[in-house]
Ligand SMILES: [Zn+2]
């Protein structure tokens, strides 16, 4: 595959908005802009009414200063994406209201969406994430203590919004993996699935929960590998989680991103990368064998992730739950 502008590889980021405030993310975005890396920042349009949310304190488009900041990011060329209506579960009506709010403030609709972990309106989530019975059962077995049912694709539920999702979003994130080069995970980085008819196109990403995992994933060796393998990395992370301390970007992150930016990579937002893959006819319906491999690899990576989790220093976010 030839990349635009004779680039050797693709690198971009999908920033899940959990625990983000203008204060704890702006030094990250200032630096990304400075080094010419345009990425994707997701938002919640609405606050939630629950004071005991694990994510209470995160800012939403209902905060005028945050909304202004997000508009400025958009003008600079960053993509603004959707992370659900709010930090907690939302009914169909609230989801619709959130999409309207997004459009009113930003002046356009979001193109890409990623589920926020525990929200009940998530689509094809929990055991519904899997198409094969063996993985549904395995998932249930491993998560039997949690209340793990999701309703976004269930027409009978008040949380149903599958039809709205199909109409609004070009791209929905599904599985995430440990590998920096998604081409080594699957040739179906972007795909559609007959089992998930409410999603136009699914995409997979690499994953780094917080600053420590992010720095490990983009270490010099991995950057080198991504470049020599002519790979593609769409990296899901949370810029709210430890990237900024005392208003300064983590020094190692700064150094690694700077190093990466000097390589011959294509650094554009997630939807631009996915548009490019779509134009290369890389959105074909996934075949059963490749889908099986995606689901199996997700389990293998999840187990691996359990043993290699990295904690980060929660200095600036006293409101974060210790859970
Ligand atoms: Zn989230």
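The values are calculated or read from the model by the stated rules, or taken from the named source; none is laboratory data. Remember, predicted model here, so these are calculated numbers, not experimental data. Virtual Cβ from ideal backbone geometry, glycine too; neighbours counted across all protein chains shown.
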**Request:** Give me the pairs, please: first residue somewhere in the stretch 221-245 and within 17 Å of residue 187 (Cα to Cα), second residue anywhere and within 16 Å of the ligand (Cβ to nearest atom) and assigned to a helix (DSSP H, G or I), beta-carbon distance under 9 Å, and either six or more positions apart or on two chains.
**Result:** 234/270; 235/214
**Asked** Which condition number in (1) farther than 20 Å from residue 238 by Cα; (2) over 17 Å from the mean Cα position of the chain (by Cα) is the one that residue 129 fails?
**Response** (2)
**Single unsatisfied condition, residue 37 versus (1) modelled with pLDDT of 95 or more; (2) part of a loop (DSSP other than H, G, I, E, B); (3) away from the ligand (no atom under 16 Å from the Cβ); (4) over 30 Å from residue 263 (Cα atoms)** = (4)
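Each row is one residue, and each column tells you yes or no for (1) closer than 22 Å to residue 295 by Cα; (2) out of contact with any helix residue (DSSP H, G or I) (no Cβ under 8 Å at 6 or more places or on another chain); (3) buried (at least 20 other Cβ atoms within 10 Å of the Cβ).
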{"position": "148", "(1), (2), (3)": "yes, no, no"}
{"position": "153", "(1), (2), (3)": "yes, no, yes"}
{"position": "162", "(1), (2), (3)": "yes, yes, yes"}
{"position": "165", "(1), (2), (3)": "no, yes, yes"}
{"position": "178", "(1), (2), (3)": "yes, no, no"}
{"position": "182", "(1), (2), (3)": "yes, yes, yes"}
**Prompt:** Yes or no: residue 1 modelled with pLDDT under 95, away from the ligand (no atom under 16 Å from the Cβ), closer than 29 Å to residue 230 by Cβ and assigned to a loop (DSSP other than H, G, I, E, B)?
**Reply:** yes
**So residue 58, is it modelled with pLDDT under 95, within 20 Å of the chain's Cα centre (by Cα), surrounded by 18 or more Cβ atoms within 10 Å (Cβ to Cβ) and within 16 Å of the ligand (Cβ to nearest atom)** = yes
**Request:** Only helices (runs of 4 or more DSSP H) wholly contained in the stretch 212-323 count here; list those with 2 or more residues that are under 30 Å from residue 142 (Cα atoms).
**Result:** 288-308
**Prompt:** Being crowded, with 20+ Cβ neighbours inside 10 Å and not in a strand (DSSP E or B), is that true of even one residue in the stretch 8-17?
**Reply:** yes
**Prompt:** How do the pairs read when you match residues in the stretch 14-37 that are under 22 Å from residue 111 (Cα atoms) with residues anywhere that are within 16 Å of the ligand (Cβ to nearest atom) and part of a helix (DSSP H, G or I), using Cβ under 8 Å and keeping only pairs 6 or more apart or on different chains?
**Reply:** 14/270; 15/25
**Message:** From the list 43, 19, exactly one residue is in contact with a strand residue (DSSP E or B) (Cβ under 8 Å, 6 or more places away or on another chain), on the phi > 0 side of the Ramachandran plot and within 16 Å of the ligand (Cβ to nearest atom). Which is it?
**Reply:** 19
